[in-house]
1. If you add up the charges near ALA23, with Lys and Arg at +1 and Asp and Glu at -1, over every other residue whose beta carbon is less than 12 angstrom from its beta carbon, what do you get?
2. Taking amide H atoms as placed 1.01 Å from N in the peptide plane, list the residues 5 or more away in sequence, or in a different chain, whose amide H sits under 5 Å from that of ILE143.
3. What order, most packed first, do the peptides 11-21, 46-56, 170-180 have when packing is the mean number of other Cβ atoms within 10 Å of each residue?
4. Under 13 Å from the Cβ of ALA192, count the other residues' Cβ atoms, weight Lys and Arg +1, Asp and Glu -1, and hand me the total.
5. For the chain, which whole-number percentage of the solvent-accessible area (1.4 Å probe, protein heavy atoms only) is attributable to carbon and sulfur atoms?
6. Taking the Cβ of ALA164 as the centre, find all other residues whose Cβ is under 12 Å away and add up their charges (Lys, Arg: +1; Asp, Glu: -1).
7. How big is the accessible area of ARG221 in square angstrom, nearest 10, if you roll a 1.4 angstrom probe over the protein chains?
8. In Å², and per residue, what accessible area does the chain have when probed at 1.4 Å with the other protein chains present?
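The values are calculated or read from the model by the stated rules, or taken from the named source; none is laboratory data. Note that this is a predicted model, so its numbers are computed, not measured. So basically every Cβ, Gly included, is an ideal-geometry build from the backbone, and we count neighbours across all protein chains shown. When the accessible area is computed, the model is the full protein with side chains, heavy atoms only, and any ligands, DNA or RNA have been set aside. Shrake-Rupley method; radii C 1.70, N 1.55, O 1.52, S 1.80 Å.
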Amino acid sequence: MSDRVSDHVVVALDVGGTGMKCALVRPDGVVVRTERHPTDAARGPAAVVGTILDVAGGLADKARADGLTPIAVGIAVPGVVDEARGVAVWSANVGFRDVPLRDLTVARLGLPTALGHDVRVGGLAEARLGAGRGTGHVLFVAIGTGIASAHVVAGTAAVGAHGAAGEIGHILVRPDGPRCGCGRPGCLEAVASAAAIGRRYAELAGGTADAPVTAAEVAERAAAGEPLASQVWQEAIEALADGLASGQALFDVATIVLGGGLAQAGDRLLAPLRAALHERMTFHREPQLVAAALGDEAGCLGAALLALDAMGVRDHQEKR
Ligand SMILES: [Zn+2]
């Protein structure tokens with residue numbers, strides 16, 4: 001084993017409902033190897049855990065074969081995550097129920113391991129290495145099938161007392177709106193997630209839509225001037241602006257970073273959302289509203305940062 005710090009890498013995994021993004025990440029945030037593996041959640045949580053341990057072990061072996069020294073493991077998972085205990089408490093799409101993933105990984109790989117929440121570590125990476133870099137107070141909002149956020153202050157994401165901080169998707173924005181997956185009507189996520197935008201368009205189009213329309217297509221059709229798409233898109237923008245205004249009232253951040261699939265709409269999302277957010281600011285300071293910069297590597301990078309933080313290695317990235 002080498003003692004040269006420049007040889008050090010973190011084994012990082014971002015476990016999603018369909019796929020795992022995996023990487024070897026240097027302490028300065030540079031990715032030296034990436035891999036993707038299917039999660040295949042239908043096999044059940046035990047099989048998924050087996051794959052996570054196999055993939056992590058394989059990456060550590062590949063690092064050593066390349067003359068690198070794996071020093072830690074960082075794993076990001078969706079759902080409710082108890083970071084302090086290293087337990088994947090609950091996940092709808094992967095099926096985790098109280099899985100002690102950190103201890104299982106330590107037992108298998110013999111490396112210090114940190115377990116984090118996918119959106120929180122994504123926010124950590126965007127705040128420290130990506131679009132929020134250098135701004136100190138960041139709210140990262142991931143808009144995809146659902147909507148979730150991470151509030152990052154001075155490079156640390158708030159976890160909450162029960163591992164469930166950041167559920168901005170379940171802020172009430174439309175009391176008479178569609179029912180959310182959580183059971184309550186009118187949550188932000190039920191109105192303005194990518195999935196909700198597609199559903200709303202299909203609903204208003206009635207039988208005239210021949211195939212399901214994605215949120216990206218709604219954005220495109222709205223930009224092309226289609227009235228129905230414009231209405232649906234604008235409804236989503238207004239709801240998002242309400243949600244972000246609540247976020248800003250609570251957190252007073254310098255920068256709101258939008259990630260997730262919907263953020264790929266770029267200025268079709270950002271320009272009208274900036275205007276709608278501006279209208280809602282009274283005495284609040286208006287945050288910068290920017291698109292995420294790290295793409296789908298954010299989760300892996302954030303998992304690596306979390307592992308390094310847990311070891312007390314923290315300082316290299318910001319100086320890069
Ligand atoms: Zn909800």
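1. +1
2. GLY259, GLY260, GLY261, LEU262, ALA263
3. 11-21, 46-56, 170-180
4. Neighbourhood net charge equals -1.
5. The C+S portion of the solvent-accessible surface of the chain is 54 percent.
6. On the way: positive: ARG120; negative: ASP82, GLU83, GLU167.
Summing Lys/Arg as +1 and Asp/Glu as -1 gives -2.
7. 90 Å²
8. Details: 13880 Å² over 320 residues.
Heavy-atom accessible area per residue stands at 43 Å².
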